[in-house]
Amino acid sequence: MSNPILQSNQSSAVVATVNESDVTVPFVYNEKSRLIKPHSLQVLPITSTSGSTAPQSACSYDVAKNGIAVGFYLEVNLIGLPTNNYKFNALGILNLIDEVSLTTSGRVVEKLDAYQIVSRYASLPLARQGALSVTCGNDETITTASTKTYIWLPFYMFRDSARYGILTNFEEPHHVEVKWSKYTQTLVRGTANTSLPQSTIHNNISVTSANLLVHYKQLADDDVNEMIRKNYSNGMLSRLVGISKREQSHYVQGIVSNDTYTESVELHETEAIRGMTVLVTHLGELANITNIKLTFNNTDVLDVGEDFLHTFASNWDMHSASFGSHARDEQIHDYKRAVRLDLGIGNDTALDNVIALREMNNPRVEVQFDPIRAGEHQIHIIYETATFLTCSADTGRVQLSISS
């Protein structure tokens, strides 16, 4: 065993006591089942195995067999930044990406475009949303023409990494592919003490290099063997995971003013869904949604304004502390303009409800929004689905099975 943290655990009296204890009564020191097994953390930088960071090209990364992969991040080096009292719009960083994919043996496990990433950022508690906007430089004025930034890739395991992480040493190899955009819609905004526009498209930014950072949890060999034995004893591990899917973008033509506009969108996907996020965009900016009407079988499920949805709809029971009000404040970040419709009874971290869209007649969403300016807008409808992910104990083959 070469891992120094796991080696040190071998001679630790505290670790040995925790491992040997079977007592679960609170207020005593040996409460084995209430503690996560002592383990090692590693964040491993992985360079691309193929491709380039040129506009409209792609990079491929091989996820190393190194433990349980629980988080994925892009480390991106940028040049050509504007330095005259600008700061990044958080969506500006994401507009560098067309889509990212998690694949195995040529099969796509999950694919996310920039707006699907935004929808998952919007599902986080407010403090986490704010931290992400700082990471993207939204709260700091750009002072140099080059910088390094990080983009979190919220693949399906993000809700509960201990339960849904990829056991890379046992499962077949996984890969992450990043398709880069044209880099022509990277958004920056003027700082508050200047008269610069609130949102401006900057065309000179480019990516010089990008690494994939993978967060691993590494267990001792005995614990890994126990985990495999318990999870795969019947020949297959089957997990119900949340995979992001989306409708085709709906284009709204003929907008000639900033007056409130209403558009109806038919839903065509047949997934079993847990909830959805609605976004309206124009040239990469998020417009303000003022009302949502959701209709199934010609019956209105809801018809309410954005203030109601931002405040209540991501946590209907109002008891969980993990989600707070999502009241819109564009001076902090734009994620609050992504309107989430949670179709469960609590927060989005648990599987509280599933709705089979394939069984619905005439499902549609009617969106009322304030156009950003005259010109074509797009409506994005993004689903959080309930999908079975299976792994064979004999081969380690991973695939999505039941999704509708």
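The values are calculated or read from the model by the stated rules, or taken from the named source; none is laboratory data. Bear in mind the structure is a predicted one, so any value in this text is a computation, not a measurement. Cβ atoms come from the backbone with ideal geometry, glycine included; neighbour counts cover every protein chain shown.
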Review point. Given the residues 386, 374, 350, which is the only one that is at pLDDT 80 or above and not in a strand (DSSP E or B)?
Key: 374
Exercise for review: Report, by residue number, each residue of segment 62-89 that is closer than 22 Å to residue 115 by Cα and surrounded by 23 or more Cβ atoms within 10 Å (Cβ to Cβ).
Suggested key: 72, 78, 88, 89
Revision key, fill the gap. When residue 141 is run through (1) crowded, with 18+ Cβ neighbours inside 10 Å; (2) modelled with pLDDT of 75 or more, the failure sits at (1)
Check your understanding: Which residue pairs have Cβ atoms under 6 Å apart, sit 6 or more places apart or on different chains, and have a first residue in segment 156-185 that is basic (Lys, Arg) and a second that is not in a strand (DSSP E or B)?
Key -> 159/349; 182/55; 182/56
Exercise for review: Kindly establish whether residue 264 is surrounded by fewer than 18 Cβ atoms within 10 Å (Cβ to Cβ), among the polar types (S, T, N, Q) and modelled with pLDDT of 95 or more.
Suggested key: yes
Study note, to complete from the structure: Checked against (1) more than 30 Å from residue 3 (Cα to Cα); (2) in contact (Cβ under 8 Å) with a residue 40 or more places away in the chain; (3) exposed (fewer than 13 other Cβ atoms within 10 Å of the Cβ), residue 300 satisfies every condition except (2)
Review point. Among the strands (runs of 3 or more DSSP E) confined wholly to segment 239-311, which include 1 or more residues that are farther than 30 Å from residue 203 by Cβ?
Key: 261-266, 272-282, 288-296, 299-305
Point to revise | Per-region count, segment 378-388, residues crowded, with 21+ Cβ neighbours inside 10 Å, out of contact with any Phe, Trp or Tyr (no Cβ under 6 Å at 6 or more places or on another chain) and not hydroxyl-bearing (Ser, Thr, Tyr) | key: 5
Exercise for review: For segment 241-250, indicate whether the set of residues that are closer than 21 Å to residue 163 by Cα, among the β-branched types (Val, Ile, Thr) and within 24 Å of the chain's Cα centre (by Cα) is non-empty.
Suggested key: yes
Study note, to complete from the structure: Pairing a residue in segment 201-217 that is within 30 Å of residue 70 (Cβ to Cβ) and surrounded by 17 or more Cβ atoms within 10 Å (Cβ to Cβ) with any residue that is of a type in the set (Gly, Ala, Ser) and at pLDDT 90 or above, where Cβ atoms lie under 6 Å and the two sit 6 or more apart in sequence or on different chains, gives 214/69; 215/71; 216/67; 216/69; 217/67
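Quick grid of which residues meet (1) farther than 30 Å from residue 340 by Cα; (2) among the acidic types (Asp, Glu); (3) part of a strand (DSSP E or B); (4) modelled with pLDDT under 90:
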site	(1), (2), (3), (4)
33	yes, no, no, yes
38	yes, no, no, yes
42	yes, no, yes, no
48	yes, no, no, no
54	yes, no, no, no
60	yes, no, yes, no
72	no, no, yes, no
77	yes, no, yes, no
117	no, no, no, no
Practice item. Just need a number here: residues in segment 218-256 that are closer than 30 Å to residue 60 by Cβ, in the same structural domain as residue 383 (by TED's automatic domain parsing) and without any contact (Cβ under 8 Å) to a residue 60 or more places away in the chain. Key: 1
